[in-house]
1. What are the ³J(HN,Hα) values, in whole Hz, obtained from phi via the Karplus relation 6.51 cos²θ - 1.76 cosθ + 1.60 with θ = phi - 60°, for each residue of segment 263-280 in sequence order, with x given for Gly and Pro?
2. Using 1/(1 + (r/R0)^6) with R0 = 30 angstrom and r between the beta carbons of residue 53 and residue 268, what's the FRET efficiency to the nearest 0.05?
3. For labels at residue 193 and residue 233 in the simple 7 Å Cα→Cβ model, what's the distance in nm?
4. Starting with the highest mean, order 262-269, 324-331 by the number of other Cβ atoms within 10 Å, averaged over the residues of each peptide.
5. What chymotrypsin sites (Phe, Trp or Tyr not before Pro) does segment 136-197 have in DSSP loop regions with at most 13 other beta carbons within 10 Å?
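Taken together, the values in this text are just the output of simple stated rules run on the coordinates, not laboratory data. On a predicted model such as this, the values are computed, not experimentally measured, just so you know. No Cβ is skipped: glycine too gets one built from the backbone with ideal geometry, and neighbour counts run over all protein chains shown.
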Amino acid sequence: MRTGSWAALALALALAVMRAAPAACDTRAASRPSRPATAERDAAARRRRAGLVRFAREFAAGGIAEASMDAVLFPIDTLKARRQSFHRHCLHTTRPPTMRDLLALGSPVRGIVPAFLSALPAGASFVSTKYCMEMLARSALRTGAHGAGVTMLASACADVVYWALRFPAETGRLRVQALQDRSTLSAVRRLLSEGNYRPAVLYTGWQTVLWRDVPYDALEFGFYEASRSLLARVRRPHAQRRTHGATDEHRAESATCGALSALCAALLTTPLDVARTRLMTQRAGTPGAYTGVIDCVARLLRTDGPAALFAGLGERALMASLGGAIWFSVYDQLRKGPPRPGDADAPAEQPAG
């Protein structure tokens, strides 16, 4: 299937999932006893309203969390991209680049505004799609529990929608960070001109990104769900002794579990991240260009050794741990809304993912 067809399919999936959101949020209807018609209609209307409010809260929380994380981590991401693509502007030296070399190539915040603006809708679509997929799975399985397996599957589906929306801006951002273009807009224009102005050219190589991000997000959210479940089991015997500091404790747990989960996922997927950077920054039609992820990894192993597959590992590990802490703490706080009287002594809600 062509790249453009995959992108269209992903967008269609997003629309279908969001249309099903109100029904998916009402997972209790099948188990309710019969009631008088008017009472049942009123109850159904209340459940639909509650489901829409929850969906809207998830949508907004995902967008804000993603944009906040991108804004904070953009300079680190720029340094990582430059280190991974340093072979293209290597300053005529074969030694590994130092931090001074990377900073001398230009401002690390160039292109941050387009990245921030593209993160808002993409992050919102990711979280809302993931949430709806989880609700649909719970409804289909007739269970109130959703463990790491359901979370990993929902995250993988949400990733396809996320990149269908964000990939053109992401390609431009990466080219700006790797100093191949001066701005995201000029990078997009160059891509269109090289591809005879076919919109599908903006999605060239997006399978490469899915190779990295589908396993990354599946592992990250799976680790997060498992770690929060483990903490809940450990904390349950002491639930009656919890004090007014429970809300702050929950935020700290979200940040800690998010940081560790993202760090573990990043360490396992760094070779795929290196391959993504190499493939997305190479020029179309260049002699000796990589043909895919497997070809890129094999050639890097053959020519540069295993260490080349972990270029930028320090920046990626730092970025992942900070990003996980920021994303999960902001998301968990916003999705619950402002605290209400009496919430402080209540048991903490388990995360949706």
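1. After applying 6.51 cos²θ - 1.76 cosθ + 1.60, I find 5, 4, 5, 5, 4, 6, 10, 4, x, 5, 5, 4, 4, 4, 4, 4, 5, 7 Hz.
2. Values: r = 37 Å, r/R0 = 1.22.
The computed FRET efficiency comes out at 0.25.
3. 5.9 nm
4. On the way: 262-269: 20.6, 324-331: 24.5.
In decreasing order of mean packing, 262-269, 324-331 become 324-331, 262-269.
5. Details: sites: 162, 163, 197; in loops: 197.
When the chymotrypsin sites (Phe, Trp or Tyr not before Pro) of segment 136-197 are filtered for loop state and at most 13 Cβ neighbours within 10 Å, 197 remain.
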